[in-house]
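The values are calculated or read from the model by the stated rules, or taken from the named source; none is laboratory data. The model shown is predicted, which means the values in this text are computed figures rather than measured ones. Using ideal geometry, Cβ is built from the backbone for each residue, glycine included, and neighbour counts are taken over all protein chains shown. Keep in mind that these areas ignore ligands, DNA and RNA; they rest on the heavy atoms of the full protein, side chains included. Shrake-Rupley method; radii C 1.70, N 1.55, O 1.52, S 1.80 Å.
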Amino acid sequence: MPVCKTLLASVLFLMVIPTGLFAFDDTGWTILYQENFSSTYEASDGQTFGNNNWLVYQLIDGGAMTVANGYVQLNAPDFWNAALIRSVDTLPDQYKIRVKVGHINYDLTNYEQADYDDPDFNTHLGHYENGVYFLTITDALCSGGQCEEIWWHYHRKMVIDVDNHINWSGGGETFHPVYMVYMDPTTGAGGNLLRTWDGSAWDASPDNWNVAYTYDYDTWYYAELEVGADYLILRLYDENQNIIEETDPVDLSLVFAMDEPEYLYIGEPHTDDYEGSARFDEITLLVPATGDPVCGDVTDNGVVDILDILALVNYKFKGGPEPANLDVAEVTGDGLVNILDIIAIVYFKYKGGPVLVCS
């Protein structure tokens, strides 16, 4: 029994559950993969990671990502750097992607005179801009110097991003804007037309830059994209997982390239402008629940979450009732439901551990 008590204390320590855990509504969805950056290392270009190596680092011309302190730190100090995380394979037909991002430093003041004087620096005819992608979905993969701004303008389908810029459409400088965007199939010299969320509706005018939210420096946010059978929704949450902005659903027939493959990209995309730093954490891919029991979902609410961990702890160590679906509690393959299963669920849910497998 002392050994079990020690292990139980370790489980409670590992959980470190944040405030507001119950804010996400994932009813009808189940987690396929989740990465929490629980190790410490310097990422290298082409390095795969995460459950079943579903993610890969793409670091170009000196862009860097360092994993420590429970998150990945992105650093791209020069405009020719790019530093990205992308999915290795195409995404499912229906999915939900959620990314924790914060501590963003992509102001226009990052640029130096040497940047403006460099002939390779894309000044957009005087319309300076600097930004980072919270998340975007593309119809193809870029490589090397191909990953410049114009490539993204012709290949992204939807995006939540930061883009500080000046002089667009005759306006002044924006300050810490977050844009929630889908791309119209219509293309021109500058790529596909933007459709931006203005906080209450989608703007379908030819050239618009509606700011959905204004971000703060030293805090965290969650960006989320939900793609159903015939719709998409973009969401932005605060660090306590409370919704800041949620767009109206968009019919997929209105979105560029929705009949083509889909890849996830996160990070600093451009090799011809953009320089700064940001942090990323908790990259989660969810898929629709099948109706069959979900491995680890002992409370039978359709998703593996904190309620399953608490139910098992209560049942095994506190004399509590048997969970509603104890059959999916054995996730380690030893034929027993014990503390090892609880630890495995904690690691899967909060530490980027292996996908749970029930016998």
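By a 1.4 Å probe calculation restricted to protein chains, GLU148 has an accessible surface near 70 Å², given to the nearest 10. Converting phi to 3J(HN,Hα) with the Karplus coefficients 6.51, -1.76 and 1.60 and the offset θ = phi - 60°, the stretch 183-194 yields 9, 6, x, 5, 10, x, 5, x, x, 6, 5, 7 Hz in sequence order, with x at every glycine or proline.
Here the stretch 243-271 and the stretch 283-359 have alpha carbon centers that stand 31 Å from each other. In order along the stretch 133-138, the Karplus-derived 3J(HN,Hα) couplings, from 6.51 cos²θ - 1.76 cosθ + 1.60 at θ = phi - 60°, round to 8, 5, 6, 8, 10, 10 Hz, and Gly and Pro are given as x. For LYS318, the lysines whose Cα comes closer than 30 Å to its Cα, not counting residues fewer than 8 places off in the same chain, are LYS5, LYS349, LYS351.
Normalised by 2.2 N^0.38 Å, where N is the number of residues, the alpha-carbon radius of gyration of the chain equals 1.05.
Length gained on full extension, ASP259 to VAL287: 8.2 nm, using 0.36 nm per residue less the C-alpha separation. Solvent-accessible surface of the chain, taken per residue with a 1.4 Å probe and all protein chains present: 41 Å². Our helix-only sum for the chain, with -39,500 (n - 2.57) per DSSP H run of n ≥ 4 divided by its residues, gives a mean residue ellipticity at 222 nm of -4000 deg cm²/dmol. Straight-line cross-link partners of LYS157 among the lysines, defined as a Cα under 26 Å from its Cα and at least 8 positions apart when in the same chain: LYS96, LYS100. When you restrict to C-alpha pairs under 8 Å that are six or more residues apart and normalise by the size of the stretch 299-359, the relative contact order lands at 30 percent.
For the stretch 24-33, 3J(HN,Hα) computed residue by residue from phi via the Karplus equation (6.51, -1.76, 1.60; θ = phi - 60°) reads 5, 9, 9, 4, x, 10, 9, 6, 8, 9 Hz, glycine and proline entered as x.
Rolling a 1.4 angstrom probe over the chain with all protein chains present gives an accessible area of which 51% lies on carbon and sulfur atoms.
Projected label points at ASP327 and ALA68, each 7 Å from Cα along the beta carbon direction, are separated by 4.8 nanometres. Relative contact order of the stretch 167-283: 19 percent, from C-alpha pairs under 8 Å at least 6 residues apart in sequence. For ASP216 and SER359, the FRET efficiency from 1/(1 + (r/R0)^6), where r spans their Cβ atoms and R0 equals 35 Å, is about 0.15.
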